[in-house]
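The values are calculated or read from the model by the stated rules, or taken from the named source; none is laboratory data. Note that the coordinates shown come from a computational prediction; the quantities given were computed from them, not determined experimentally. Note: ideal-geometry Cβ built from the backbone for every residue, glycine included; neighbour counts use all protein chains shown. Accessible surface is based on the protein model in full, side chains and every heavy atom, while ligands, DNA and RNA are left aside. Shrake-Rupley method; radii C 1.70, N 1.55, O 1.52, S 1.80 Å.
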Amino acid sequence: MKKIFLLVSALALVSVSGCGSKNVKTAEDSAARARAEKIGEQNLQADNIVVADDNIPILPGMEEDKIIEAAEPEANIRAGVFDASDGLAPLYFAFDKYELTDDAQRAARSNALQLKSFKKDDVLVEGHCDDRGTIEYNIALGQKRAKSVRDYYVGLGITAEKITTISYGKEKPVCSEQTDECWQKNRRAETKIRG
């Protein structure tokens with residue numbers, strides 16, 4: 001919201017200063033700014049994304065006080081390549097959810113045992129979504145999925161500083177058919193090890 005206001009303000013100043021007259025705010029400028037802010041609010045609401053004061057997207061059904069901020073720093077994702085490991089299973093999510101199901105928790109516990117054997121390796125958790133919804137919504141949802149897996153691993157004793165997260169949203173599907181079975185395969189979190 002603040003970004004939209006600043007953008008509209010900057011555009012208003014440029015347009016007023018460019019016409020050769022004094023910088024005078026008019027009722028028209030105020031009305032245009034109010035319309036732009038309203039349009040920005042409607043766009044966020046249409047995408048079902050609300051942005052908290054600290055610019056963290058809040059998904060539908062998620063209350064602001066339930067956002068978990070990890071106190072521990074994440075590993076550096078830019079230093080090397082992360083690869084899949086045969087022993088690390090993908091974790092699957094319900095539609096529009098980022099909470100781990102019972103099956104996902106079982107797979108995460110199995111993954112954690114494997115991760116403990118990689119004592120010096122950094123871990124990347126990738127969040128993925130199916131192709132329904134906007135790009136922005138799926139990036140936010142994928143990040144929440146990756147973070148919930150990271151938090152679960154940390155709860156199982158994996159060192160927080162070794163684990164980093166990334167969201168690919170709907171950009172890296174494993175299946176491209178428009179079926180429930182295919183969408184389920186794409187709603188996942190993958191765990192990878194630095195190669």
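Over the heavy atoms of PHE95, what accessible area does a 1.4 Å probe trace out, to the nearest 10 Å²?
110 Å²
If R₀ is 22 angstrom, what is the calculated FRET efficiency for the pair LEU113 and THR179, using the beta carbon separation as r and rounding to 0.05?
Given R0 = 22 Å and the Cβ-Cβ separation, E is 0.10.
Around LEU91, with a cut-off of 10 angstrom between Cβ atoms, what is the net charge of the other residues, counting Lys and Arg +1 and Asp and Glu -1?
+2
Under 14 Å from a point placed 7 Å out from the Cα of LYS120 along the Cα-to-Cβ direction: which residues of region 157-195 have their backbone N that close?
Only 194-195 fall inside the zone, counting backbone N under 14 Å.
From the protein chains alone at 1.4 Å, what is the descending order of accessible area for TYR98, TYR153, TYR92, TYR137, largest first?
TYR92, TYR98, TYR137, TYR153
Report the net charge of residues surrounding CYS182, where surrounding means a beta-carbon distance below 15 angstrom and charges are Lys +1, Arg +1, Asp -1, Glu -1.
Numbers: positive: ARG132, LYS170, LYS172, LYS185, ARG187, ARG188; negative: ASP130, ASP131, GLU177, ASP180, GLU181.
Charge balance near CYS182 sits at +1.
Filter the trypsin sites (Lys or Arg not before Pro) in region 79-161 to those in DSSP coil with at most 12 other Cβ atoms within 10 Å of their Cβ, and list the result.
Here the sparse-neighbourhood loop sites are LYS119, LYS120.
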